[in-house]
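The values are calculated or read from the model by the stated rules, or taken from the named source; none is laboratory data. Quantities reported herein were computed from a predicted structural model and do not represent experimental measurements. Heads up, the Cβs are rebuilt from the backbone with ideal geometry, glycines too, and the neighbour counts pull from every protein chain shown. Side chains are part of the model used for accessible areas, which takes the heavy atoms of the whole protein and leaves out ligands, DNA and RNA. Shrake-Rupley method; radii C 1.70, N 1.55, O 1.52, S 1.80 Å.
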Amino acid sequence: NILLVSETCTGKELLAHSIHSESPRSRGPFIAINCAAIPRELIESELFGYVAGAFTGARREGLKGKFELAHNGTLFLDEINSMSIDLQAKFLRVLDSMEVTPIGGTNPVAVNVRVIAAANENLYTELDQKNFRIDLFHRLSVLEIQIPALRERDNDVIELTNEFLQAECKAAGREPLRLSPELKEPMLNYRWPGNIRELHNLC
């Protein structure tokens, strides 16, 4: 398991996708889920799935969870520190056993998944305040990668700007633009509080 820690919008999912693509699991699926973007009452069913008739409004045929969908591949969990403490216990149990029991089911399903989790720097505060389980933290951070903010990666600013400009020009069907020498210094001196997303939006 791998834990990515950084400010927001530094390209955590892109790095996770790169790790997946360069690994022996590259032919398997890459499944991404943002734990903060899904209502608390739905995230358990999203992760673990459910059987037919598990609850009111459930699909008649049931639903496979993200763990099952990521079998033999990679499951990327963004904003893991937003996961509720009760769900963290269930998540830890799945990581330990590599078996998922869908909601309303009784038969566990074996899964073979590499988990890459991402968190912002508030994770360490959550640990201190006992809002994030220390055992889950150590289970996820077998390899911990700290991603520097864009302002700490001078060369990346220019490289990414040229890449983004080329992609946007291609999408617009026009000749590619290049960053002028006069713009390079202010681009490098700017602090980019929105990191890569802000740079992409500018391009």
> What ranking, highest mean first, results for peptides 127-133, 37-43 when packing means the other Cβ atoms within 10 Å averaged over each residue?
Replying inline: 127-133, 37-43
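Out of the total accessible area of the chain (probe 1.4 Å, heavy atoms of protein only), what percent is carbon and sulfur? Don't skip to the answer; put the middle values down first.
Details: 5710 of 11590 Å².
Carbon and sulfur atoms account for 49 percent of the accessible area of the chain.
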> How much FRET efficiency would the formula 1/(1 + (r/R0)^6) give for Arg93 and Asn34, where r is the Cβ-Cβ distance and R0 is 22 Å, rounded to 0.05?
Replying inline: 0.50
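Among 59-66, 75-82, 170-177, 28-35, how do they line up by average Cβ neighbours within 10 Å per residue, starting with the highest?
Working: 59-66: 14.9, 75-82: 23.0, 170-177: 9.1, 28-35: 17.8.
With the highest mean Cβ count within 10 Å placed first, the list reads 75-82, 28-35, 59-66, 170-177.
Give the percent of DSSP beta bridges with both residues in the chain that are antiparallel, rounded to the nearest 5. Show your work: numbers first, answer last.
Details: 4 of 23 bridges.
Just about 15 percent of them are antiparallel.
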>> Can you compute the modelled spin-label distance between Asn155 and Ile134, with each label point 7 Å from Cα toward Cβ, in nm?
In response: 4.0 nm
>> Please list, in order along the stretch 140-152, the HN-Hα scalar couplings obtained from phi with the Karplus expression 6.51 cos²θ - 1.76 cosθ + 1.60 (θ = phi - 60°), rounded to whole Hz, x for Gly and Pro.
In response: 7, 9, 4, 10, 9, 10, 8, 8, x, 5, 4, 5, 9
> Using modelled backbone amide H atoms (1.01 Å from N, in-plane), which distant-in-sequence or interchain residues come within less than 5 Å of Ala32's amide H?
Replying inline: Phe76
>> Could you give the length gained by full extension between Asn201 and Leu165, i.e. 0.36 nm per residue of separation minus their alpha carbon distance, to one decimal place?
In response: 11.9 nm
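Report the local net charge at Pro186: Lys and Arg +1, Asp and Glu -1, summed over other residues whose C-beta lies under 15 Å from its C-beta.
-1
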> Tell me, in nm to one decimal, what length is gained between Leu143 and Arg27 on full extension, where the rule is 0.36 nm per residue of separation less the Cα-Cα distance?
Replying inline: 39.5 nm
>> For a test of the definition: using alpha carbon positions, the gyration tensor, and the 1.5 limit on a/c, classify the stretch 87-139 as rounded, prolate or oblate.
In response: prolate
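What number comes out for accessible area per residue over the chain if the probe is 1.4 Å? Units Å², please.
Working: 11590 Å² over 203 residues.
Accessible area per residue: 57 Å².
Return the FRET efficiency for the residue pair Asn112, Asn189: r is the Cβ-Cβ distance, R0 is 45 Å, and the value is rounded to the nearest 0.05. Intermediate results must be reported in sequence, preceding the final value.
Details: r = 47 Å, r/R0 = 1.05.
It comes to 0.45.
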> Given H placed on each backbone N at 1.01 Å, which residues far from Glu144 in sequence or on other chains put an amide H within less than 5 Å of it?
Replying inline: Leu3
> So how far apart, in nm, are the two label points at His17 and Tyr124 if each is 7 Å from Cα heading toward Cβ?
Replying inline: 2.9 nm
>> Could you compute how fast the chain diffuses translationally, taking Rh as the Kirkwood radius over C-alpha pairs and applying Stokes-Einstein at 25 °C with viscosity 0.890 mPa s? Give it in µm² per second.
In response: 130 µm²/s
